[in-house]
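Novice: Structure provided below as structure tokens; questions to follow.
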Amino acid sequence: MMHYEEIIEGLGHALDEHLTRMAQINKTLLLSGASPVDMPGYDNQPLQSLRPYISPNETSLDWQSFTRLNEIQEALNETCAKIRQNVTPDVRETFYAELCNLSNEFINRLRRFELDLNKEENGIDPLTGLRSQTALLRDLERELSACARRKDYLGVALGKIDNYALVDSKLNADQKKELVAFIASILRQNMRLYDDGYRYNETLFVLSLKHTDQLGAIAGIERFARMLDEVQNTLAGRKFADLIGQKVTLSYSVSRLEVGTNIIEFLQGLKRDIEENATESTSILEYEDESNLAKYLRAMEEIPD
């Protein structure tokens, strides 16, 4: 998280401001002889001060959490305005109950945002429980160093959800999150205790398979693909197949990561391998990293005339 410390500090100020505002509102409503028209509105400037630090990516954790907190803030202000209107005590009491519910949701969402940020900062994807993209490069570099010392293998597989345009058109935002968590749960069940799984983005997953060459990594991916298919034959596992109109599948590119490899280019190569060569659902491709000469020639081709 690029602005982790700034966001965490800002959330603390936003909570303090929220509690202060709610105390002022309660004091006005409960004070003998006070009129609801004197009740202050709800405004949380510390929350708004976080905006420059929030990622513009609409799929990111901080953007989604910040957006929801803003929606609750607007609802709090609107409810305060309703209470200030000259309405009967019974109606006012209904609006006050709504205000209290919104206040509780604001606090819970803010605390959850803080907890999720802490998980992400420590390399855990909050949605899936897998390792996060933030931790991926660091973990692979560390594991490659260990492989060099042990003269060992490291298998890496990248999986991409097939037909994602169809998935995207059939599922709403919450259902797509559920789908990612569903795939991750099966991935975790198939991993050995010393392997690591990563959520790379909304469509990609990465597996780091320790003490494993390319053939061993392919065998592991085949087990996962079978289980993903079998689970969707059960009543509980059919939900997404029914919504989408076909079973959820992934295609994979699998390779052995060698010491000295540029990890970012290697992962880009796995992704490109799937995009260019996966001809059917659940394709399992063996990726051979390009030689330095091949990389140079391809880079030259991409330079505009």
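The values are calculated or read from the model by the stated rules, or taken from the named source; none is laboratory data. Just so it is clear, the structure is predicted and the values come from calculations on it, not from any experiment. Note that each Cβ is placed from the backbone with ideal geometry, even for glycine, and that neighbours are counted across all protein chains shown.
Novice: I'd like to know if segment 86-107 contains one or more residues that are acidic (D, E), at pLDDT below 85 and within 17 Å of E9 (Cα to Cα).
Specialist: The answer is no, given that none of the residues of segment 86-107 is acidic (D, E), at pLDDT below 85 and within 17 Å of E9 (Cα to Cα).
Novice: Take the residues in segment 17-76 that are of a type in the set (D, E, K, R) and in contact with a helix residue (DSSP H, G or I) (Cβ under 9 Å, 6 or more places away or on another chain), then tell me which one is modelled with the highest pLDDT.
Specialist: R68
Novice: I want to confirm something. Restricting to segment 228-240 and keeping residues that are surrounded by 15 or more Cβ atoms within 10 Å (Cβ to Cβ) and hydrophobic (A, V, I, L, M, F, W, C), which single residue is farthest from E288 (Cα to Cα)?
Specialist: F240
Novice: Then there's this: Please indicate, with yes or no, whether at least one residue in segment 98-121 is in a loop (DSSP other than H, G, I, E, B) and touching a strand residue (DSSP E or B) at 6+ places or on another chain (Cβ under 9 Å).
Specialist: No; the residues of segment 98-121 include none that is in a loop (DSSP other than H, G, I, E, B) and touching a strand residue (DSSP E or B) at 6+ places or on another chain (Cβ under 9 Å).
Novice: Here's a follow-up. With the condition kept exactly as written, say whether any residue in segment 136-145 is more than 18 Å from the chain's Cα centre (by Cα) and of a type in the set (K, R).
Specialist: Yes, segment 136-145 contains at least one residue that is more than 18 Å from the chain's Cα centre (by Cα) and of a type in the set (K, R).
Novice: Same structure, new question: Just to be sure, is R142 surrounded by fewer than 19 Cβ atoms within 10 Å (Cβ to Cβ) and under 25 Å from R68 (Cβ atoms)?
Specialist: no
Novice: Now for a different question. Restricting attention to segment 58-74, which residues are closer than 12 Å to L110 by Cβ and either of a type in the set (K, R) or not in a helix (DSSP H, G or I) (or both)?
Specialist: R68, the sole residue that qualifies.
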